[in-house]
1. At 0.36 nm per residue, and after removing the present C-alpha to C-alpha distance, how many nm does the segment from residue A:499 to residue A:612 gain when stretched out fully?
2. Taking amide H positions as placed 1.01 Å from N in the peptide plane, with prolines and chain starts having none, which residues 5 or more places from residue A:217, or on another chain, fall under 5 Å of its amide H?
3. Quick one: if you stick a label point 7 Å off each Cα along the C-beta vector at residue B:94 and residue B:156, how many nm between them?
4. At what distance in nm do the modelled label points of residue A:280 and residue B:392 sit from each other, each positioned 7 Å from its Cα along Cα→Cβ?
5. On average, how many beta carbons from a partner chain sit within 10 Å of the beta carbon of a residue in A:155-165?
6. Assuming 1.002 mPa s and 20 °C, estimate D for the protein assembly as shown with Stokes-Einstein, Rh taken as the Kirkwood radius over Cα pairs, in µm²/s.
7. Could you rank the peptides A:134-142, B:89-97 by their average count of other C-beta atoms within 10 Å per residue, with the highest value first?
8. In terms of the Cα gyration tensor, with a ≥ b ≥ c the square roots of its eigenvalues, is region B:45-133 rounded because a/c is under 1.5, prolate because a/b exceeds b/c, or oblate?
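The values are calculated or read from the model by the stated rules, or taken from the named source; none is laboratory data. Please read these numbers as outputs of a predicted model, since none were measured by experiment. Every residue, glycine as well, gets a Cβ built from its backbone with ideal geometry; the counts of neighbours run over all protein chains shown. These accessible areas exclude ligands, DNA and RNA; they are computed on the full protein's heavy atoms, side chains included. Shrake-Rupley method; radii C 1.70, N 1.55, O 1.52, S 1.80 Å.
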Amino acid sequence: MKDLKPEDINIIVATDCGSTTTKAILIEKKGDEYRLIVRGEAPTTVEAPFEDVTMGVLNAVAEVEELSGRKILDEKGKIITPSNGNVGTDIYVSTSSAGGGLQMMVAGVVRSMTAESAERAALGAGAIVMDVIASNDKRLPHQQIQRIRQLRPDMILLSGGIDGGTTTHVVELAELLSAADPKPRLGIGYQLPVIYAGNINAREAIKNTLLNKVDLTVVENLRPVLERENLLPAREKIHDLFMEHVMAQAPGYKKLMTWTDAPIMPTPGAVGLIMKKIADEEGIQVVGVDIGGATTDIFSVFQGIFNRTVSANLGMSYSVSNVFAEAGLDNVMRWVPFHLDERDLRNRVKNKMIRPTTIPQSMEELIFEQAIAKEALRLAFIQHKSFATVLKGVQQQRTIADAFDQTIGGQTLVNMMTLDMLIGSGGVLSHAPRRHQAALMLIDGFMPEAITRLAVDSIFMMPQLGVLSTVHTKAAVEVFNKDCLIHLGTCIAPAGELKDERDILKYKFEMPDGETIEGTLKYGEMKKFPLGLDEKGDPLKAKAILEPLRGFDLGEGKGGKVEKEIYGGVTGIILDGRGRPFNLPTDDKIRVQKLKEWMITLDIYPNEALERL
Amino acid sequence: MRPRISTQTSNKTYALILSILILSFLLIPIPVLAQQDTLPPSPPTEVKAEDTPNDAGGSITIIWKKSADDIGVVRDDNKVKGYEILRSTRTDGEYELLGKTTAGAESYFDSHARNNIDYFYKIRALGLVSLSESLPSQPVKAKAQWVDWSRKYTFLLALILALSIVYFINQSKTGKELFIRKIAGLEAVTDAVGRATEMGRKIFYIPGISDMDNMQTIAGVTILGQVAKITAEYEAKLEVPTSRSLVMVSCRETIKEAYSNAGRPDLFNENMVYYLTDDQFGYTAAVDGLFVREKPAAIFFQGQFYAESLILAETGNYVGAIQIAGTGQPAQLPFFVAACDYTLIGEELFAASAYLSRDPKLLGSLKGQDVGKFIFLFFILVGSILLAFGVYDLRVFLR
């Protein structure tokens, strides 16, 4: 990076080289704050016939040039740095997921302990974890060797044993690697990068075992004691090796690497980074989702711990059939307020799979696609909850009071009651015809409890902001809050169950214009109140005084009164009285009637279109 | 001067009158009482003898209406002091004395009858000095019954229990997921073994200090089988010090089988299980010493424990091991709960094997037994409520 102080950075260009498109953004300092100026997009050119990623980057930046009027590229087609007046940029950063992103295998001794920590390190670094090898994964050694050979990952993270712990198990894993003699996916003739982040006592034995077989790098143990993870050294090394080995082998990346002022990061790793930054800066608990065509990534920060999962087979186009198969027809159709022929439905799903770029052309198709999205989100979140857990294998301290309430170790960190913000991104959420639809998809997919802010990433610039945050945190955070997110509003959902439609919540909102809205919410009812954005585009705030019924919880215990400042957005305040855990009415007529009622109340679809269905 | 003669006369007259009165009071009842003692009490009536129902034969039940002179309790003023039960094989034959009962009794149980012989019974009321006999009963034979109907409810409950066990075993075999609530201590078994594997340290399994005739030891050894299977899969080091030779042999066989089932017979070593001493505190001291020297990563206490429970568990806690205890000894549970990571309480110890192995037969039995327990608990609850409201006899209450 050039020797620029953060305060001297006024113009920033950032790109994200995705599998299909390369997205560029231009950020400028306006007065005291950094704002997004324009964005440009062009097809990614990593594949044949171009086989040079920089061509796509230049095309995207050229679009930014055109839209902003700023000259960024010189005559030779190179990015001009530093900026001078209306020419050039101070820094240029980039992320990449082109060519399938970073594909890794991880290995550890016990599946739920060091192997899981290794998986967490790899996922957090933005990798797709192809497989997890563990001593107790119930596979025979020859099956494990065969698997390592078949998958051809970009790199392997080997861990196992605490410091001073087992060496035999870790060396056995290294022997498996040695026997498999794995080859990297890219770059024929290169040795596969292997990071060893296990028991320090086993380092010598590992080195001896893997000598001349792989390109071994040793870092600090990612689980020095069972009570604590130390994922940062392994993650940083993954990023380094991603640059050195993976990116260096991909077409055009060597050139791109010379242009950037910060190391190129894997796209999901950068998204995770900005999420963690925002959560840390604002002291909030965040869940983010990126629902793509083939995969769904979920990021969460609870109690300051960042977790990311990739549901590799849950997506809206390539993987849509799998969503349908995993969720089941009934689960998808429960969100649809009309009846469709099963054969017709299956045809629609398969069509979407073989023609992934098609978008819904009718109201029925839109409702159906959004129903699938809700199920994909729900399933991906279930996977995430089971992965984002407290560490397993840790000694518990008890008192006699625990006699009948012994909590099981490895509980999930995800607590919907304390979740402050839910951020969605990905085509189906970001490009929904109405923002309210994105809000309802997030609510139905994640079932937030108590008070939760909802937002969508407007143009999916979180990756660029993530990598920018490594160089200029202030700019990244400001643009994230002001331009990246489209604030949808706040969802207020009391947790609890009832059998009849009684009042479950007394609410009072003191709106910014001095108006007071008061009323009660019935069980099974949804309501929406407008609370928009100010002239700067920031969400308006209102004071909410909420008194739930005795059996219902809004974060202050059952029946506890809550007084809190809530944020508005393009949708506003949504009161969700459907209870948690949520159950749709089993009677088909009532279900359809209820779905329509909620959709009309929240203004999800045009009413006349709903009436026609 | 006072007239002395008149005074003397008056005193004599009074003495005479008083003597007559006292005599008449003493003498008048005598003939009445004497008359009552000599009269026999009214005889018992309606003597009926019948074969005792729901038995294996050899007994006859005799019932009668007590004498009209019997006030029903044993007291001095009761004219009937008791009854004698007489038996004969002929109505006009010689009656032998069978037994005696107190006043107020109205039944007798002849447990010395022989099957298929006609018996006649008479009841003799015993007065103070005389007695009276009832008429003989109708002839009756003692017989064995095929079915003891008095146990029909026990049979019904056993039938429900057996059927529900069979039903749930079948359900489990067909692949239906049987719900068993999560037991934290058992969920943590893999974590404990995993911890030992990662740390490269030993796992100690303590099967209690009782012998193989104790149900808790048997449950503990059964759980050992499941734990050993996991240690075989994880290639972790397992050690079982025992205080009974029979337990040692059983544990060895259990572990050997578990390692074979896990496909790792090569990892089994007889010396994993060894005998220390039968002495309670000798054993405790030895095990504590092992804990301190070996610093195991996981310790299991599963079986019957007494005073050594806290000594062992505290040492285990001190060396930083994950500890999972299980015992049916209520007195030791608080110690285990406070000092261990997880504790299986009572029933959980016996359910552990089914829970861990997920074997359809064991799971089905567990669920079936739950049905039985639910029925028993239901009746205990109903009974307690009825008693609380003063209902002691349901038949009377329903009438």
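1. On the way: separation 113, 0.36 × 113 = 40.68 nm, distance 3.10 nm.
Extra length available between residue A:499 and residue A:612 comes to 37.6 nm.
2. A:194, A:195, A:196
3. 5.1
4. Placing both labels 7 Å along Cα→Cβ, they lie 7.6 nm apart.
5. Values: counts 0, 0, 0, 0, 0, 2, 4, 5, 0, 3, 8.
Averaged over the peptide's residues, the number is 2.
6. 60
7. Details: A:134-142: 16.3, B:89-97: 11.8.
Packing proxy ranking, top to bottom: A:134-142, B:89-97.
8. Working: a/c = 2.58, a/b = 1.76, b/c = 1.47.
Since a/c reaches 1.5 and a/b is larger than b/c, the shape of region B:45-133 is classed as prolate.
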